[in-house]
Amino acid sequence: RPWIEAQLRPLSLPPWRLWSTTIQDSVAGTIRLTGALHQIPAQGSDTVVVVVHGMGGDIDSHYAQRAAIAAHRRGIDCLRLNLRGADLSGHDFYHAGLTADLEAAIASPDLSRYRHVLPIGYSIGGHQVLHLAAGRPDPRITAAAAICAPLDLDRGAADIDTPARWPYRRHILSALKLMVRAVAARGTLPLPRPLPELLRIPTLRQWDDQLVAPRFGFAGVSDYYEQASVARRLEALQRPTLMVCARQDPMVLARSVRAALTAKPAALQLHWSDRGGHVGFPRDTTLGLAGPRGVEAQVITWLLEQRS
């Protein structure tokens, strides 16, 4: 429903400008990252929210726009970040455990003046944010949030690849294949297999095995899922972290999340919603947290409360 609403009634975004920075990659060379930076012109906020989209998404995804609107209403700045290749530039593509893009964005000159950096990730973007928070995060990151994020990539791929979920699988793979078409068209990053073969891949597991794993130096899909899954790293969370899950999420299933959370880390605060699906919630949803109704509004309020 939130996706349909966004198509029928486009959201009115606060003012923004194009943002970019570059990152050096040992395989792809110089990669240009892009995004949309919303800044409160006269106020000079000392806090910025960094929004990371999900698999197959980009800065124009409805949830990323809602987060920017919620940040603006709280009087703070916001960067909507395109992960590498999401803008169809063809420089490269990303994987679920990659934090380099998010780290480069936070370290970029445009974000250097902020005292507080608050990352919010959706779906795979949330998985990346969890990785970041469990590593050596920038000292300015005071808290983090992950919305509808998978924790176990092997289990998550198995769920999406079931016959009943073919509409979601097709949607994701279609977006990923557009990204790889752009890589092939640019021609600066060799693909591990011919493009026609990649475009015929029918499942997420095969996609990860034949494209993602070899590109990023994993021995295969099992090695990729084992090394990149954040579930086993949650005990190492370095910052207060909020995780929001939907009980009726058709892509990141509740049972898979629960199975991965055998023990809840002290730094993790988990909230389940009875409303909404995958990265989309009714506007009046409440998580039982402070702040106005709406998932983004309450998540941002929670993040702001963690600032010291």
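Brief remarks follow.
- Scanning segment 257-277 for residues that are of a type outside the set (A, V, I, L, M) and buried (at least 20 other Cβ atoms within 10 Å of the Cβ) gives SER273, GLY276.
- Among the residues of segment 278-308, those identified as surrounded by 15 or more Cβ atoms within 10 Å (Cβ to Cβ) and part of a helix (DSSP H, G or I) are VAL295, GLU296, ALA297, GLN298, VAL299, ILE300, THR301, TRP302, LEU303, LEU304.
- Comparison of ALA175, ALA231, ALA182 shows that the only residue that is surrounded by 14 or more Cβ atoms within 10 Å (Cβ to Cβ), over 30 Å from ALA143 (Cβ atoms) and within 21 Å of the chain's Cα centre (by Cα) is ALA182.
- Some residue of segment 202-209 being modelled with pLDDT of 95 or more and over 23 Å from ASP152 (Cα atoms): no
- Among the residues making up segment 14-59, those that are under 13 Å from the mean Cα position of the chain (by Cα) and not in a strand (DSSP E or B) are HIS53, GLY54, MET55, GLY56, GLY57, ASP58, ILE59.
- From the options PRO202, PRO214, residue that is assigned to a helix (DSSP H, G or I) and not aliphatic (A, V, I, L, M): PRO214
- Subset of segment 290-308 (residues that are touching a helix residue (DSSP H, G or I) at 6+ places or on another chain (Cβ under 6 Å), under 14 Å from ILE120 (Cβ atoms) and of a type in the set (A, V, I, L, M)): ALA297, ILE300
- Failed criterion for ARG193 (all others in (1) assigned to a loop (DSSP other than H, G, I, E, B); (2) at pLDDT 95 or above; (3) in contact with a Lys or Arg (Cβ under 8 Å, 6 or more places away or on another chain) hold): (3)
The values are calculated or read from the model by the stated rules, or taken from the named source; none is laboratory data. In this text, all values refer to a predicted model and were calculated from it rather than measured experimentally. Every residue, glycine as well, gets a Cβ built from its backbone with ideal geometry; the counts of neighbours run over all protein chains shown.
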